[in-house]
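Reading through the structure tokens given below for one structure.
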There are 2 protein chains.
Amino acid sequence: MSRSPRRIPDATVARLPVYHRGLQELLRSRRTTVSSDELAELAGLNAAKVRKDLSYLGTYGTRGVGYDVETLVRRIALELGLTENWPVVIIGIGNLGRALASYGGFSARGFRIAAVLDADPRKTGEPVGDLKIRPTAELRSIVQQEGVAIGIIATPGNAAQRVAGEMVSAGIRSILNFSPAVLVVPDDVAVRSVDLAVELQVLSYYQHHRDDSPVVSMIGTGAR
Amino acid sequence: MSRSPRRIPDATVARLPVYHRGLQELLRSRRTTVSSDELAELAGLNAAKVRKDLSYLGTYGTRGVGYDVETLVRRIALELGLTENWPVVIIGIGNLGRALASYGGFSARGFRIAAVLDADPRKTGEPVGDLKIRPTAELRSIVQQEGVAIGIIATPGNAAQRVAGEMVSAGIRSILNFSPAVLVVPDDVAVRSVDLAVELQVLSYYQHHRDDSPVVSMIGTGAR
DNA sequence: GGTCGCTTGTGAACATGTGCACAAGCCCGT
DNA sequence: ACGGGCTTGTGCACATGTTCACAAGCGACC
């Protein structure tokens, strides 16, 4: 259904959510039209990249005018699959898991938290926002009942691989991993990992080598 | 002092922390030597990439044998500047800020949290781990006294730009931004942004287009 | 209806990153 | 001392990503 004519490059896919975020802001401020230059400013990129990225979605701009904000935000949401309101589960309810569970941004941008789970039986029943912590043994039935497609791992590193295996066997095929571990999963499972310490260490490198080369970077989005 | 002979490519810099993490594991299990193949497995990459990456650090391997774990972990730590035990500050102590503040991984990997700050005066004095929340007005003096070089922003999006400005004017030149906002800073300030919703949305794309192309990716590390 | 100013969409040059494949070099056993 | 097995380091071809620069096209105004 929402197949795009050409395949979209990974680098562009990583930036689409940033455009989506900026366009939503514009919507809120009642802007109807936006140029590639303005959108570039909002996304922290340059105009050429914006135009090339958007061109992979098809021809949605008007020369001499710009892009219609509402059309474009809808087109990007469609492409990213945000219209499906994916149910997600979070496993590992420590400080980070709790923070993720109560992070308002998720529900506002195409996702809803179907359940929060933890392997520690002492935590079972503990409230987290509107939800109660459930034991990991219930994962399979939750996934099946709610049609969960995306799982978030917020456990310590040593539990992550086990949890990933449980997710995969429960039918989850997209995993967002916040633990400092490299996950081994079947080829048809997508994994994205965010390691907080890694991010700091990259910054540390550029801080350390400041005189050699000043650099500003944004993860996966190739910002200036 | 620790200048490397050639400039290290960004893609490699983003992977060095992952090697460092894997090597530390090996150290703990008393391994003295590791091949590019084994290290690749640990980092979720392929051996060719590992060898090329490490070659930018100089010639530290032994043909027919592999790399000396201890030498290599030290060399990478030196390159990343992890030996300096950077003091960092966290601004914005909501759920996420609290999670970051109590995240053990930081102290274990080259950073120490010098202070946690929040703009809300009602939170001042509240304990977070060993620290107490301080008002943002104290940022400048903290930065000067402790020599803080790296700041972490964990505020809501609408406060992020203001906080970033305060950090820059206080003398911070490396910022790790967890808010969903694009920060505008002077050229000589490095920014890395992690937007949790963006990560989910990227996963959502690949989930949505699953039939077109199975994909596994790891942020900024180019894993298979 | 024609012209002018503005902005898109994109071909082509350039830059960066990846993977292959193999020579160079080290260790060990004989 | 020498040969065999193994692993590094890297040149080179290929793939992906970025930027430039400009023709094409739209809208507005005369």
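Listed values, structure above:
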quantity: FRET efficiency, 1/(1 + (r/R0)^6) with R0 60 Å, evaluated for A:D187 and B:R140 via beta carbons; calculated: 0.70
quantity: Stretchable slack from B:R28 to B:T62, in nm (0.36 nm times residue separation minus alpha-carbon distance); calculated: 10.1 nm
quantity: Whole-Hz ³J(HN,Hα) from phi, Karplus 6.51 cos²θ - 1.76 cosθ + 1.60, for the stretch A:80-88, glycine and proline x; calculated: 7, x, 7, 6, 8, 6, 3, x, 10
quantity: Under-5 Å amide H pairs with A:V191, H placed in peptide plane, nonlocal only; calculated: A:I175, B:S217
quantity: For chain B, calculated [θ]222 nm from helices alone, where every DSSP H run of n ≥ 4 adds -39500 (n - 2.57); calculated: -12500 deg cm²/dmol
quantity: Residues B:T12, A:T32 arranged by fewest to most Cβ contacts within 10 Å; calculated: A:T32, B:T12
quantity: Selection from A:L26, A:T71, A:A43, by position along the positive dipole direction of the stretch A:23-75 (Cβ); calculated: A:T71
quantity: Cα-centred dipole magnitude for the stretch B:1-61, charges only on beta-carbon of K, R (+1) and D, E (-1), debye, nearest 20; calculated: 220
quantity: The stretch A:157-162 - phi-based ³J(HN,Hα) in whole Hz, Karplus 6.51/-1.76/1.60, Gly and Pro as x; calculated: x, 6, 9, 4, 5, 4
quantity: Cα centroid of the stretch B:175-191 to Cα centroid of the stretch A:56-86, whole Å; calculated: 26
quantity: Between the stretch B:95-150 and the stretch B:16-38, the alpha-carbon center distance in angstrom; calculated: 31
quantity: Using θ = phi - 60° and Karplus 6.51 cos²θ - 1.76 cosθ + 1.60, couplings along the stretch B:125-134 (whole Hz; Gly, Pro as x); calculated: x, 4, x, 9, x, 7, 9, 10, 5, 10
quantity: Tail weight of P(r) past 23 Å, computed on alpha-carbon pairs of the stretch B:56-169, percent; calculated: 39
quantity: Two-site label geometry, B:D10 and A:S35: point separation in nm, points 7 Å out along Cα→Cβ; calculated: 2.6
quantity: Label spacing, shortest first and in nm, from B:R210 to its equivalents in the remaining copies (7 angstrom along Cα→Cβ); calculated: 4.8
quantity: Helix axis angle, A:196-208 relative to chain A longest principal axis, alpha carbon, degrees; calculated: 50
quantity: Residue order, fewest to most surrounding Cβ atoms within 10 angstrom, among A:L200, A:L27; calculated: A:L27, A:L200
quantity: 5 angstrom amide H check on A:D118, placed H, neighbours 5+ away; calculated: A:G92, A:R134, A:T136
quantity: Too-long pairs where the Cα-Cα distance tops 32 Å, listed order kept, from A:K123/B:K49; A:K132/B:K49; A:K49/B:K49; A:K132/B:K132; calculated: A:K123/B:K49; A:K132/B:K49
quantity: Label distances, nm, B:D10 versus same residue in remaining copies, Cβ-directed 7 Å point; calculated: 1.5
quantity: Per-residue average of Cβ from other chains inside 10 Å of B:174-182; calculated: 5
quantity: B:L203, B:L23 arranged by Cβ crowding within 10 Å, fewest neighbours leading; calculated: B:L23, B:L203
quantity: Inter-copy label distances at B:R74 (7 Å, Cα→Cβ; nm, one decimal); calculated: 6.4
quantity: Residue mean of other protein chain beta carbons inside 10 Å, B:20-27; calculated: 2
quantity: Axis-nearest residue of A (beta carbon) for the A-onto-B rotation, whole Å; calculated: A:A99, 2
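Every read-out reported here was derived from the displayed coordinates using simple, explicitly stated rules and does not represent laboratory data. These numbers come from a predicted model, not from an experiment. In this analysis, Cβ positions are derived from the backbone assuming ideal geometry, glycine residues included, and neighbour counts consider all displayed protein chains.
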